[in-house]
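The structure appears below as structure tokens.
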Amino acid sequence: MTLGTTTQGYGEPSYWDDRYTQDTGPFDWYQKYPALAPLLNFYVPRDHRTLVVGCGNSAFSEGMVNDGYEDVINIDISSVVIEAMQKKYQNHPKLKYMRMDVRDMSAFESGSFDAVIDKGTLDSLMCGHNSQQNATKMLEEVGRVLKNKGVYILITYGAPAYRLSLLRDLHLWTIKLHVIEKLVAERSLEHKKWELTEPVPLDEGGSVEAVLGKNPEVHYIYVCTKDKPTNGIGA
Ligand SMILES: C[S@@+](CC[C@H](N)C(=O)[O-])C[C@H]1O[C@@H](n2cnc3c(N)ncnc32)[C@H](O)[C@@H]1O
């Protein structure tokens, strides 16, 4: 996904309904569960209650449950994909699917999740109209539904120059950056350049060029640990 006029539809619910009507998947953006599992296992214990925002028809959450995660709630703005996923996983009690806009998750109580996982959803909102307002609304809601010490794991194509200030401006969490090579699953593990569970040092300005070089072929993973209860809730 790149920013530009052709991707503007990614911020519109009707785009996703059309897309999921035509393409029933499963399809995973950026990375599949097995490639990211070591990082998830590192930050999210298997009995923690997890929310996957903008799940689409990805097999990621199924991968989590098969790996022992016990309570995975999935939301998406597209009713087409949510109905399809509810049907597909009707006999999987550890996987739940609900239609919901990530900018308004009032159906969930504050401080009700240990982890929120976002693979490509903030990126989608940032492609549409009013991207800054929508992204801020989304992140405020993510911060609200997280327990204190809970983690928001954002998997994105967005380098720190395009994501860090947005995340930092909320003053809600401590941020660690990890990276994973694009298409790592298809490459030999011997050629893996970055250790997934090892954070990349971030300086004040958020530059990572000294460590990663210019335009590295990676996806960025921001692990944001909530350390400020919102309105005193979420401890
Ligand atoms: C790039 S896709 C990523 C899908 C999936 N997470 C994956 O990794 O394959 C973005 C998803 O976000 C959903 N989405 C877009 N805007 C949303 C919103 N405001 N609230 C909830 N979901 C939204 C879309 O319907 C789509 O399924």
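If R0 is 35 Å, the Cβ-Cβ spacing of Glu83 and Gln133 corresponds to a FRET efficiency of close to 0.75. Normalised by the residues of segment 1-63, what does the relative contact order come to in percent, with Cα pairs under 8 Å and at least six apart? With pairs under 8 Å counted, the relative contact order is 43 percent. Computed on segment 57-140, the Cα convex hull volume stands at 102 Å³ per residue.
Neighbours of Gly9 by Cβ distance under 12 Å: Lys/Arg scored +1, Asp/Glu scored -1, total -2.
Here the alpha carbons of segment 27-88 define both size measures, Rg and Dmax, at 11.5, 33 Å. The peptide list 203-211, 38-46, put in order of mean Cβ contacts within 10 Å with the highest first, becomes 38-46, 203-211.
Electrostatic tally near Gln133: other residues with Cβ closer than 14 Å to its Cβ, Lys and Arg +1, Asp and Glu -1, net -3.
Is the chain best put as rounded, prolate or oblate by its Cα gyration tensor, with a ≥ b ≥ c the root eigenvalues, rounded for a/c under 1.5, and otherwise prolate when a/b is larger than b/c, oblate when not? Since a/c stays below 1.5, the shape of the chain is classed as rounded. Computed with the Debye formula from one identical point scatterer per Cα of segment 1-60, without solvent, the log10 of I(q)/I(0) at q = 0.25 Å⁻¹ comes to -1.14. Could you work out which residue, out of Phe113, Phe60, Phe27, moves most in a Gaussian network model of the chain, that is, has the largest mean-square fluctuation with Cα springs under 10 Å? Highest fluctuation of the listed residues: Phe27. Model label sites at Glu217 and Glu198, defined 7 Å from Cα along the beta-carbon direction, differ in position by 2.0 nm.
For segment 37-51, 3J(HN,Hα) computed residue by residue from phi via the Karplus equation (6.51, -1.76, 1.60; θ = phi - 60°) reads 3, x, 6, 5, 4, 5, 9, 10, x, 5, 8, 7, 7, 10, 10 Hz, glycine and proline entered as x. If only the Cβ of Lys and Arg carry +1 and only the Cβ of Asp and Glu carry -1, the dipole of the chain around its Cα centre is close to 240 debye. For Phe27 and Leu170, the FRET efficiency from 1/(1 + (r/R0)^6), where r spans their Cβ atoms and R0 equals 35 Å, is about 0.70. Using just its DSSP H runs of length 4 or more, each adding -39500 (n - 2.57), the chain gives a mean residue ellipticity at 222 nm of -8500 deg cm²/dmol after division by all residues. Each DSSP beta bridge with both residues in the chain is either parallel or antiparallel, and the antiparallel ones are about 45%.
Arg99: net charge of surrounding residues, Cβ under 14 Å, Lys/Arg +1, Asp/Glu -1, itself excluded? Net of charged neighbours comes to -2. For segment 5-226, the relative contact order comes to 20 percent (Cα pairs under 8 Å, sequence separation of at least 6). Think of the chain as a dipole: +1 on every Lys or Arg Cβ, -1 on every Asp or Glu Cβ, centred on the Cα centre; then among His129, Phe108, Trp29, Phe108 lies furthest on the positive end.
Read the figures in this text as sums done on the coordinates, not as results from a lab. Just so it is clear, the model here is predicted, and its values are computed rather than measured. Heads up, the Cβs are rebuilt from the backbone with ideal geometry, glycines too, and the neighbour counts pull from every protein chain shown.
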